[in-house]
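Heads up: the structure comes next, in structure tokens.
Nothing in this text is a laboratory measurement; each read-out follows from the coordinates by a stated rule. Just so we're clear, the structure is a prediction, and the values are computed from it rather than from any experiment. Glycine gets a Cβ as well: all are built from the backbone with ideal geometry, and neighbour counts include every protein chain shown.
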Amino acid sequence: MGEIEDAIERADQEGVTREPPKTLKAQIGYLIRQLGSARAVAAQIGVTADSVNRYRRGARQARPDIAAKIDAAVRQRWQPRVRRQRRKQAATTGGITIETRARFGYTAPVGTTDDGRVRRLTVHLPPQCARRLFDARDAGAGERQLRQIVAEGLQEIYFKDGGRADDLEVQFTDIDYLDLGY
């Protein structure tokens, strides 16, 4: 995953209304209910179906790397309706807030500087930008396309400031961190 997909996942996790299962047995039980069988869970996390059954019975503890995969698989599937509702609200009325520190460069008219520099920004983007971002992610867009959508949103709201610099083209590179909220 890239920076933007990770940020969307973190924002999804912030909106859960109940905590996901914490014990290994409870997590495995949840995954088996979600995926239908121990074999499907095993394929998802990269172990054998026998290992999954041992985890479920409590006869074996998972290695730290496997435990992290199990936790990630549970969190990915936890409360899908809550996630959908929050995304729908962001895409229709609320918008998204992006906090980032990255290098921003741009093309600008002659006589102004277009040198890229690292900036720390916190910008609220409108619902149409959130809708474009979620639609592109759901359609399987790559990190480059998602980054372009975010750059265009920042360009319109922050850099162009309501039409003040219409001929500006922003480049969004060297992301140090990126956080989304909705």
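Between Asp6 and Arg75, the contour length at 0.36 nm per residue exceeds the alpha carbon distance by 23.6 nm.
Using a cutoff of 8 angstrom between alpha carbon atoms and counting only pairs six or more residues apart, the relative contact order for the chain works out to 26 percent. Quick note on segment 16-105: its Rg to Rh ratio, both from C-alpha atoms and Rh being the Kirkwood radius, is 1.14. Of all aspartates and glutamates in the structure, those lying under 15 Å Cα to Cα from Lys160, and not within fewer than 8 positions of it along the same chain, are Asp114, Glu152, Glu169.
Seen from Val118, the other residues with C-beta closer than 9 Å to its C-beta sum to a net charge of +3, counting Lys and Arg as +1 and Asp and Glu as -1. You can think of it this way: the chain between Ser37 and Ile66 has 8.7 nm of extra reach, that is 0.36 nm per residue less the Cα-Cα gap. By the rule of a C-alpha distance below 21 Å, with chain neighbours fewer than 8 residues away ignored, the lysines paired with Lys22 are Lys69. Backbone geometry of segment 13-19 corresponds, through the Karplus equation with coefficients 6.51, -1.76 and 1.60 at θ = phi - 60°, to 3J(HN,Hα) couplings of 5, 5, x, 5, 9, 10, 6 Hz, x marking Gly and Pro. About the centre of its Cα atoms, segment 37-105 shows a dipole size close to 220 debye [charges on the beta carbon of Lys, Arg (+1) and Asp, Glu (-1) only; nearest 20 debye].
Calculation over all alpha carbon pairs of segment 32-182 in 10 angstrom steps from 0 returns a P(r) of 10, 29, 24, 19, 12, 5, 1, 0 percent.
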